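Heads up, the thing below is written out as structure tokens.
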Amino acid sequence: MSSLADYLAKNYLTADPQPERPKKKRKKNKHHDPLTSSTGGDGLIIADDDPPSLRATAGDLENNEYDENSPYVLESSASRALNAEFKKKKKSGWKTVGGGDDTAATSSRAGQDEADAILASAAAESAARLQATEADDAPTIEGGIQDMDEEDYDGARMESGARAGLQTAAQTAAMVAAQERRKKAELAAFQASTKQQQDGGGETIYRDASGRIINVAMKRAEARKAAEEAAKAEQAAKEALMGDVQRQAKQERQEQLRSARAMPLARTIEDEDLNDELRSQERWNDPAAQFLTTKKAATSKTGRPLYKGGFAPNRYGIRPGHRWDGVDRGNGFEKEWFQARARKDRIRDLEYEWQMDE
């Protein structure tokens, strides 16, 4: 160092003058155990992991080297004396009352119970302190909204209907439940109103020119009755156009349908009812009808007697009644119809014969 200073002073004349006082040697850090120290004094032991604070003395800072991994212990002369006195006493301060192993076991159990009681009280104090801290840190809600029902709350609300401000989990659950109940109530009211309208509860009120209310139900009943009467009149008119034979055939058809319930599914050639029904039918162009040995009585389908004399044929094969006087009072259509059919058949036969002659 002296050579560098001399070199700088000689060449550049800017070197600092060499200090005159000797440099102090740095003392080594001597760690001592406060429990083994015998120095007198009074005070408490404060152990802290943080660096030394302003409360530490200048002497302690000079004598102790800083170590970031070691705790800093601030002690005084009183604490060191107390620790030394405690170390010197080798004899226990507990007094034994009585004698024997039972006394020792009882004393140990009592000490254990006392220790458990102390630990329990300490845990209770810690829990109470933590609860008080959480209660102090919790947001304060004015007006007792925590205990107020969601439906009874009339404070500030957001656009969605939720309460404004901070909310707890219980308040959020109550708000969701209230919204669900409100939606269900609205849906039930809507369904009830819709059902009432469908049932006629929301029917339109009609009035006449004078302002009197028109009973729509009565009008509908009258219209329904008029429609039924019109249907009956139409059915009666259709039945009036029918003759006795058509009515008799209709009744027979209904009887056949009723008797078909007990009729077998398959009707063979041995079915007597079917044979009698087919045999009783009259056909005007049946050439084998004259070979029947049994003749039916000359009665109509209605059961009345028929005319036994001759009469002009008709396309339906209807015989005149027994009271007919023999005078044809028709318009001649049946006669012309038979003549036209005969003429058509004759022309067809002549054309065929002419083709064969050629």
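The values are calculated or read from the model by the stated rules, or taken from the named source; none is laboratory data. Please read all numbers here as calculations on a predicted model, not as lab measurements. When we count neighbours, we look across all protein chains shown, and the Cβ atoms used for this are built from the backbone with ideal geometry, even at glycine.
Taking TYR352 as the residue in question, decide whether it is aromatic (Phe, Trp, Tyr) and either surrounded by 11 or more Cβ atoms within 10 Å (Cβ to Cβ) or touching a residue at least 40 places away in the same chain (Cβ under 8 Å) (or both).
On the way: aromatic (Phe, Trp, Tyr): yes; either surrounded by 11 or more Cβ atoms within 10 Å (Cβ to Cβ) or touching a residue at least 40 places away in the same chain (Cβ under 8 Å) (or both): no.
Against the criterion (aromatic (Phe, Trp, Tyr) and either surrounded by 11 or more Cβ atoms within 10 Å (Cβ to Cβ) or touching a residue at least 40 places away in the same chain (Cβ under 8 Å) (or both)), TYR352 does not qualify.
Which residue out of ALA240, ALA233, ALA227, ALA249 is assigned to a helix (DSSP H, G or I) and surrounded by 11 or more Cβ atoms within 10 Å (Cβ to Cβ)? Write out each step before concluding.
Numbers: ALA240 fails: surrounded by 11 or more Cβ atoms within 10 Å (Cβ to Cβ); ALA233 fails: surrounded by 11 or more Cβ atoms within 10 Å (Cβ to Cβ); ALA227 fails: surrounded by 11 or more Cβ atoms within 10 Å (Cβ to Cβ).
Every option except ALA249 fails the conditions.
Would you be able to say whether some residue in the range 310-323 is in contact with a helix residue (DSSP H, G or I) (Cβ under 7 Å, 6 or more places away or on another chain), in a loop (DSSP other than H, G, I, E, B), within 21 Å of VAL245 (Cα to Cα) and of a type in the set (S, T, N, Q)?
Applying the first criterion (in contact with a helix residue (DSSP H, G or I) (Cβ under 7 Å, 6 or more places away or on another chain)) to the range 310-323 yields 312-315.
In the following step, the residues that additionally are in a loop (DSSP other than H, G, I, E, B) were identified as 312-315.
Filter once more, keeping what is within 21 Å of VAL245 (Cα to Cα): 312-315.
Imposing the further condition that a residue be of a type in the set (S, T, N, Q) reduces the set to 314.
The answer is yes, given that some residue of the range 310-323 is in contact with a helix residue (DSSP H, G or I) (Cβ under 7 Å, 6 or more places away or on another chain), in a loop (DSSP other than H, G, I, E, B), within 21 Å of VAL245 (Cα to Cα) and of a type in the set (S, T, N, Q).
Within the range 214-222, does at least one residue satisfy the condition of being at pLDDT 80 or above, of a type in the set (Val, Ile, Thr), on the phi < 0 side of the Ramachandran plot and surrounded by 10 or more Cβ atoms within 10 Å (Cβ to Cβ)? Let's see the steps before the verdict.
Restricting attention to the range 214-222, the residues satisfying the condition of being at pLDDT 80 or above are 214-222.
Next, only the ones that are of a type in the set (Val, Ile, Thr) stay: 214, 216.
Those left that are additionally on the phi < 0 side of the Ramachandran plot: 214, 216.
In the following step, the residues that additionally are surrounded by 10 or more Cβ atoms within 10 Å (Cβ to Cβ) were identified as 214, 216.
Yes, there is a match, as at least one residue in the range 214-222 is at pLDDT 80 or above, of a type in the set (Val, Ile, Thr), on the phi < 0 side of the Ramachandran plot and surrounded by 10 or more Cβ atoms within 10 Å (Cβ to Cβ).
Filter the range 191-224 down to the residues that are among the aliphatic types (A, V, I, L, M) and part of a helix (DSSP H, G or I), then identify the one that is farthest from GLN251 (Cα to Cα).
Of all residues in the range 191-224, those among the aliphatic types (A, V, I, L, M) come to 192, 205, 209, 213-214, 216-218, 221, 223.
Of the ones still in play, those that are also part of a helix (DSSP H, G or I) are 192, 216-218, 221, 223.
Numbers: ALA192: 52, VAL216: 42, ALA217: 39, MET218: 38, ALA221: 33, ALA223: 32 Å.
That would be ALA192.
Going through the range 252-286 one residue at a time, which ones are over 60 Å from the mean Cα position of the chain (by Cα) and part of a helix (DSSP H, G or I)?
Scanning the range 252-286 gives GLU252, GLU272, ASP273, LEU274, ASN275, ASP276, GLU277, LEU278, ARG279, SER280.
Which pairs have Cβ atoms under 9 Å, sit 6 or more apart or on different chains, and link a residue in the range 214-236 that is without any contact (Cβ under 8 Å) to a residue 24 or more places away in the chain and under 26 Å from THR204 (Cβ atoms) to one that is among the basic types (Lys, Arg) and not in a helix (DSSP H, G or I)?
ILE214/ARG207
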